[in-house]
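The values are calculated or read from the model by the stated rules, or taken from the named source; none is laboratory data. Please read all numbers here as calculations on a predicted model, not as lab measurements. For neighbour counting, all protein chains shown are included, and Cβ atoms are generated from backbone atoms with ideal geometry for every residue, glycine included. Only protein heavy atoms, including side chains, enter the accessible area calculation; ligands, DNA and RNA are left aside. Shrake-Rupley method; radii C 1.70, N 1.55, O 1.52, S 1.80 Å.
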Amino acid sequence: MEIQNFINGQFLPSVSNKWLDNYNPANGEVYGKLPNSTKADVDNAYIAAKSAFPTWSQTTLEERSRILIKISELLETHLQRFAEAESIDNGKPINLAQTVDIPRAASNFRFFANAITQYSSESHESVGHQAINYTLRQPIGVVGCISPWNLPLYLFTWKIAPAIAAGNCVVAKPSEITPMTAYLLGEICKEAGLPKGVLNIVHGLGKTTGQAIIEHPDIEAISFTGGTTTGAHIAKIAAPMFKKLSLELGGKNPNIIFDDCDYNDMLETTIRSSFANQGQICLCGSRIFIESSIYEKFKKDFVEKTKQLKIGHPSKSDTQIGALVSKSQLEKIKNYITIAKEENGVVLCGGNEFTVENFENGYYFEPTIIEVKTNTCTINQEEVFGPVVSIMPFNTEDEVLQMANTTKYGLSATLWTNNLKRSIRISNQLQVGLVWVNTWMLRDLRTPFGGTKASGLGREGGFEALRFFTEAKNICIKY
Ligand code: NAD
């Protein structure tokens, strides 16, 4: 399957006609290729976006909204095709792609199609000065959107939908590891009547294609989701050029469990928050802290349930743990298991590669629980981004809060307790961008989304995203 760039409404190979291999992680084989784009392709995408901007930015909100809803509907119509493509490209279970990834991509377009019609700006009367101020929130121009491989279409559209709803034109790059659904999205945008040049999708490596986007002098804002190291690199390039930046980066999220929680609900949800998408979700709770009174019981039940998870080929409807996204991800995880053992971590279950019959070269790894003695060990401090969690007991609220906050990251946290006062007390003190109490991954798209510390900069979601993708201008009129 040959993937092409989508520039100015046309599907094209890269200018250099060079290609990259696209792997199927379920069997480790190359199953297609994608353009290895360079600066020349990004420049062409920019030119297309720039020429589309004057018309698109003046297109009525009703018309923009109508087109975005059409894209959303077409994604729903073609849900099965997109889900299969996502599952093959990423290794995630087909079930997850059908129920989470693709429905959410459709929701992203529908949500921002509606949000833009409700977005308003302010006016301030300067009493005593006979003047009125009003704020215009104008689209920025051409913006860059760069996304990772773990939730490919879900996160790609989470950026593109608000960017174009707000009247910008976009140069976007999906991860080179999972380019397929972004490619298919181009077809849908065409069918929905999105004018050419409004969305341009350029495929290729981060260090070349991505780099050309962040270095482009006239791409005025960058919305990036990916690793913290890449985020820091982007900030270094973008800051001296005064680009607007939104960075959604890595996490090392605590999952704090008190003995007064609804135990069964907590256990079921903790299985999901640990291992959904093979643990490759930035919001997974990878450090589990359990109140010592229920530690032994939890340890036994959690290990037992984890062992029951069905590892298998992603296309099978009963598969709960599919393949990791890449060989390098598999190697990285194996390395972290070695480090954990060297640091006296005890592997309670998993810890090994897994072989799926007939797919021996696929990148499968057992869901793994490691009992650790201290929160300062490497697997509690570095983002593993795989089906690996640590568990350890705690005795007091202060102790667990201190451990939860002792990390360079600050994305999300989960808290299990039926003590209302405690839940508020702890939530207020956790150094993270979002806290879930007695649930996980329950998302309302109106809410601000993003991290603190090394987990990022800025917030997306709801009107926060529309604020990011617009420039506020105050106009003061004396009458
Ligand atoms: P990554 O940083 O390697 O790549 C992300 C994207 O950036 C890819 O498209 C890549 O090609 C591009 N890129 C790489 N180098 C670049 C450069 N020099 N210039 C411009 N673009 C460049 O991340 P990944 O491995 O694809 O994704 C995993 C990471 O993403 C994890 O750390 C995870 O926590 C994080 N993540 C964060 C969130 C969030 O919302 N905070 C969500 C999902 C994933």
**Study point:** Debye, to nearest 20: dipole size of the stretch 274-324, +1 on Lys, Arg Cβ, -1 on Asp, Glu Cβ
**Key:** 100
Check your understanding: Using a simple charge model, +1 on the beta-carbon of Lys and Arg, -1 on the beta-carbon of Asp and Glu, nothing else, what dipole does the stretch 189-254 show about its Cα centre, in debye to the nearest 20?
Key -> 120
Revision key, fill the gap. Toy charge model, Lys and Arg Cβ at +1, Asp and Glu Cβ at -1: the chain dipole around Cα centroid in debye, rounded to 20, equals 1000
Check your understanding: Dipole of the chain (Lys/Arg Cβ +1, Asp/Glu Cβ -1, origin at the Cα centre): which of Ser65, Asn277, Phe365 lies farthest to the positive side?
Key -> Ser65
Practice item. For the chain, build the charge dipole from Cβ charges (+1 Lys, Arg; -1 Asp, Glu) around the Cα centre, then report which of Pro240, Thr157, Met403 sits farthest towards its positive end. Key: Pro240
Practice item. Please give, to one decimal in nm, the separation of the simple spin-label points placed at Arg66 and Ile132, each 7 Å out from Cα toward the Cβ. Key: 3.0
Check your understanding: Taking the Cα centre of the chain as the origin and placing charges on Cβ (Lys, Arg +1; Asp, Glu -1), which of Gln211, Ile288, Tyr46 is farthest toward the positive end of the dipole?
Key -> Tyr46
Exercise for review: Would you kindly find the accessible area of Lys244, with a 1.4 Å probe and non-protein molecules such as ligands, DNA and RNA excluded, rounding to the nearest 10 Å²?
Suggested key: 60
Practice item. Using only protein heavy atoms and a 1.4 Å probe, report how much of Arg272 is accessible, in Å² to the nearest 10. Key: 120
Study note, to complete from the structure: Taking Cα atoms only, helix 228-238 is inclined relative to the longest principal axis of the chain by an angle, in degrees rounded to 10, of 20
Point to revise | the chain: angle of helix 295-308 to the longest principal axis, Cα-based, in degrees nearest 10 | key: 70
Practice item. Compute the long axis of helix 39-57 from its Cα atoms, compare it with the longest principal axis of the Cα atoms of the chain, and write down the angle in degrees, 0 to 90, nearest 10. Key: 60
Exercise for review: Round to the nearest 0.05 the FRET efficiency obtained for Val15 and Glu399 when R0 = 56 Å and r is the Cβ-Cβ distance.
Suggested key: 0.45
**Study point:** Vicinal HN-Hα couplings computed from phi for the stretch 310-318 (Karplus, 6.51 cos²θ - 1.76 cosθ + 1.60; Hz; Gly/Pro x)
**Key:** 8, 8, x, 5, x, 6, 7, 5, 9
Review point. In square angstrom, what is the accessible area per residue of the chain with a 1.4 angstrom probe?
Key: 40
**Study point:** Within the accessible area of the stretch 371-418 (1.4 Å probe), percent carbon and sulfur
**Key:** 50
Check your understanding: Using alpha carbon centroids, what distance separates the stretch 309-350 and the stretch 74-91, in Å?
Key -> 24
Check your understanding: Can you pull the percent of Cα pairs in the chain with separation above 41 Å?
Key -> 20
Point to revise | Those residues of the stretch 428-442 whose amide nitrogen sits under 20 Å from the label point placed on Gln118, 7 Å along Cα→Cβ | key: 442
